[in-house]
């Protein structure tokens with residue numbers, strides 16, 4: 001396959017995943033990857049497709065996370081650099097593929113962070129990402145029992161790899177997710193404040 005389209009990625013993702021939460025997570029990571037691609041003058045379509053497909057095997061094969069994705073993408077004849085980027089998001093957790101390219105570092109950094117941001121939005125009175133501030137996320141960050149599945153270590157390591165302050169990474173991730181607030185179910189109700 002030449003470069004996979006967004007349609008290719010969505011179709012394949014939905015072939016292996018049926019939960020709404022996982023789809024919204026994929027959409028969140030896609031939105032943030034596109035945002036960062038535009039910020040860094042990179043290819044937003046490629047970055048977005050990688051963001052969308054990164055957890056392809058998570059629902060059906062959680063014990064083989066990333067390993068199964070590699071098999072599936074190879075069978076589908078996806079380009080090697082796309083497969084490598086997807087594998088790199090599991091570095092030091094389930095793979096030994098270290099993020100080297102900027103695209104891989106962004107994916108590694110924002111994957112867990114989108115989950116933390118989503119959880120933060122859902123406990124706010126407005127339930128909206130549109131008025132979310134970095135300080136709200138950082139306040140929840142300190143509460144280790146809040147969104148405990150979102151590894152602060154991975155996010156911190158990702159920010160360091162990118163040479164970004166944590167606050168800047170959070171801010172840019174929020175901006176990326178805000179662009180798709182409606183799709184992500186995070187538009188909320190700003191009037192309720």
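Any read-out appearing in this document is the output of simple, stated calculations on the displayed coordinates, not a laboratory observation. Here the structure is a predicted model, which is why all the values come from computation and not from measurement. Cβ: placed from backbone, ideal geometry, glycine included. Neighbour counts: every protein chain shown.
Residue ranges 96-109, 9-22 sort as 96-109, 9-22 when ordered by packing (mean number of other C-beta atoms within 10 Å per residue, highest first). This ranking places 120, 5, 173 by how few other beta-carbon atoms lie within 10 Å of each, fewest first, which gives 5, 120, 173.
Packing-based ranking of 158-164, 44-50 yields 44-50, 158-164, ordered from highest to lowest mean Cβ neighbour count within 10 Å.
Protection proxy ranking, highest mean first, for peptides 145-154, 56-65: 56-65, 145-154, where packing is the per-residue count of other beta-carbon atoms within 10 Å, averaged.
Ordered by the count of other Cβ atoms within 10 Å of each Cβ, fewest first, 25, 35 give 25, 35. Spin-label model, residue 15/residue 96: points 7 Å from Cα along the beta carbon direction are separated by 3.0 nm. Helix 166-178: angle to the longest alpha-carbon principal axis of the chain, degrees 0 to 90, nearest 10? The two axes meet at around 80 degrees. For the chain, the longest principal axis of the C-alpha atoms and the axis of helix 44-53 are separated by about 90°.
Treating each Cα of the chain as one equal point scatterer and applying the Debye formula with no solvent, the log10 of I(q)/I(0) at q = 0.10, 0.12, 0.15, 0.17 Å⁻¹ comes out as -0.37, -0.54, -0.85, -1.11. Placing dummy labels 7 Å off each Cα toward the beta-carbon, the span from residue 123 to residue 2 is 4.8 nm.
Once the Cα atoms are used to define both axes, helix 20-39 deviates from the longest principal axis of the chain by about 90 degrees. The sum of -39500 (n - 2.57) across all DSSP H runs of n ≥ 4, divided by the residue count of the chain, sets its helix-only mean residue ellipticity at 222 nm to -18500 deg cm²/dmol. Sorted from greatest to least, the principal axis extents spanned by the alpha carbons of region 1-100 come out as 35, 29, 25 Å. The relative contact order of the chain comes to 24 percent, based on Cα pairs under 8 Å that sit 6 or more residues apart. Taking 7 Å steps out from each Cα toward its Cβ at residue 43 and residue 139 produces label points 4.2 nm apart.
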